[in-house]
1. Whenever you get a sec, line up V235, V132 from highest to lowest accessible area (probe 1.4 Å, protein heavy atoms).
2. Using only the alpha-carbon atoms of the stretch 88-136, report the extent along each of the three principal axes, biggest first, to the nearest angstrom.
3. Using only DSSP helix segments of four residues or longer, with each worth -39500 (n - 2.57), what per-residue ellipticity at 222 nm results for the chain after dividing by its residue count and rounding to 500?
4. Keeping the other protein chains in place, figure out the carbon and sulfur percent of the accessible area of the chain, with a 1.4 Å probe.
5. In what sequence, largest accessible area first, do K291, K297, K429, K326 appear using a 1.4 Å probe?
6. Restricting everything to alpha-carbon atoms, can you work out Rg to Rh for the stretch 249-325 with a Kirkwood hydrodynamic radius?
7. Can you tell me, using C-alpha contacts under 8 Å and at least 6 residues apart, the relative contact order of the chain as a whole percent?
8. Measure nothing fancy, just the Cα-based angle from helix 322-344's long axis to the longest principal axis of the chain, in degrees from 0 to 90, nearest 10.
Amino acid sequence: MALPPNQSDLANGPEAACAANEMAWLRSKHAAQEELIASLLVEIAELKRRLGLDSSNSGKPPSSDGLKKPSRVRNLREPSGKTTGGQKGHPGKTLLQVETPDLVVDHYPGACARCGSALTAAMATSHAARQVFDLPEPQPLVVTEHRAHVCSCARCGAPTQAAFPEGVAAPVQYGTRISAFVLYLLHGHFLPEDRLAELMRGLFGVSLVPATIARMSRSCADRLHSFGQAVRDCVNGAKVKHLDETGFRLGGKTQWLHIASSALLTCYRVCASRGSLWTDVVGIVVHDHWKPYYTMKGVLHALCNAHHLRELKALIDIDQEDWARKMQILLRRACHATNLARQRGVLLKPRLIARIERRYDAIVAEGLAFHHVQPELRRLQRRSGKPRRIGHNLLLRLQQRRNDVLRFLHDPDVPFTNNQAERDARMMKLRQKISGGYRSQDSAEDFAVIRSVLSTARKQGWNIVHTLMQDPEKLIQSLRTV
């Protein structure tokens, strides 16, 4: 729209007024275009940065890399200088012969290799042995019939029937070993029900239907519920526990599976809200800086430095920020120093801790100074508040949560990363990819209980099938927490 000419332009004639009017319009249009170009440049830079992110320099899962997976030549670990493969003194885990084999097959030569004379077994003087380890031939099911006899009293003549053993409640049923084997494959290895039924039919001649598998799962979860509660109480009371959460499809909607774990224990629970935090927790919680965790009362926090290293890698590769390279090197060396001290059973020397902290503070100050002199970012329309660069936000976190970032230096029980919870959560995503979500709340809760038992049993070094058959009270008594 043309602007009204001023009085001087009118005095110089209509042509001058028209030219001034057009000049003012061009200036306003040019200013609008500059503002649009600036905002588009900001958005293009942000989109380019997103395209440069993958599982190696951000929190994106490896499955999101697709077919263009990044090269694994580089990783987040500090080079040790050692050769690849097993190191000197490593015990190894090769297959060894046993002293008493289950079956011995003797082989004798039929004739002398020199003169051709006949040889017999009585002429044997020594032997060489080679052992073959193999699975036995699948056997048909062993059917055990329980007979509850009725006896008549010799005194009064009243009949009395014997009681059936606990768990024998139907005229025909599957035993606990089959149930444990099925549930291990279902919840431990995530076989879909149809494939699981096909496997049981092909190997053992057992015909199962989804309703039977669901009934086995429900019965086992009810029986082991008290063990799951005991594991949860032990995790809550542990000195150090790892927390994480992941999306979980239930009834066609996204719910949340919360994980609380330690090196020896794992507890899962299904919640409708991501913010349903664990209660009655004490000690130190290791997490990935999800802010609601800082609302938990009576706990100390330790942040996952694997997340920090990935963010620093992106700042190095994409944003070319030099302070990030220095911080990455420092955190790696601090991790290496704590690992060596832990292997030797000693604490880090206070002088070394003080040096690392001084270097840490200097790098953070350098990074903040770098960002303070950068030109101010233009705010995108969809965002509110003063915009900050990714590196600036990370620096503020490293500054404000300094004690939580470096807690592993002062306490040898605190790990450098939250990888324990990440590993315990990763298999849950695999289950969802294989079979999708659950249709009912009961099925999801059964899965959480049984998966807690399976993961804990693996960490405790227990036999998985025997664990699923065991009395829960005996399992509780056998739990190791340290």
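1. Details: V235 0, V132 130 Å².
Largest accessible area first, the list is V132, V235.
2. 49, 33, 15
3. On the way: 16 runs with 218 residues, N = 482.
When only DSSP H runs of four or more count, the value is -14500 deg cm²/dmol.
4. Details: 17230 of 31630 Å².
Carbon plus sulfur share of accessible area: 54 percent.
5. Working: K291 145, K297 175, K429 70, K326 50 Å².
Correct descending sequence by accessible area is K297, K291, K429, K326.
6. Values: Rg = 16.3 Å, Rh = 15.1 Å.
Value, to two decimals: 1.08.
7. Numbers: 499 pairs, mean separation 90.3, N = 482.
19 percent.
8. 30
The values are calculated or read from the model by the stated rules, or taken from the named source; none is laboratory data. None of the values given here were measured: they were computed from a predicted structure. As a convention, Cβ positions derive from the backbone with ideal geometry for all residues, glycine included, and neighbour counts pool all protein chains shown. Surface areas here come from the heavy atoms of the whole protein model, side chains and all, with no ligands, DNA or RNA. Shrake-Rupley method; radii C 1.70, N 1.55, O 1.52, S 1.80 Å.
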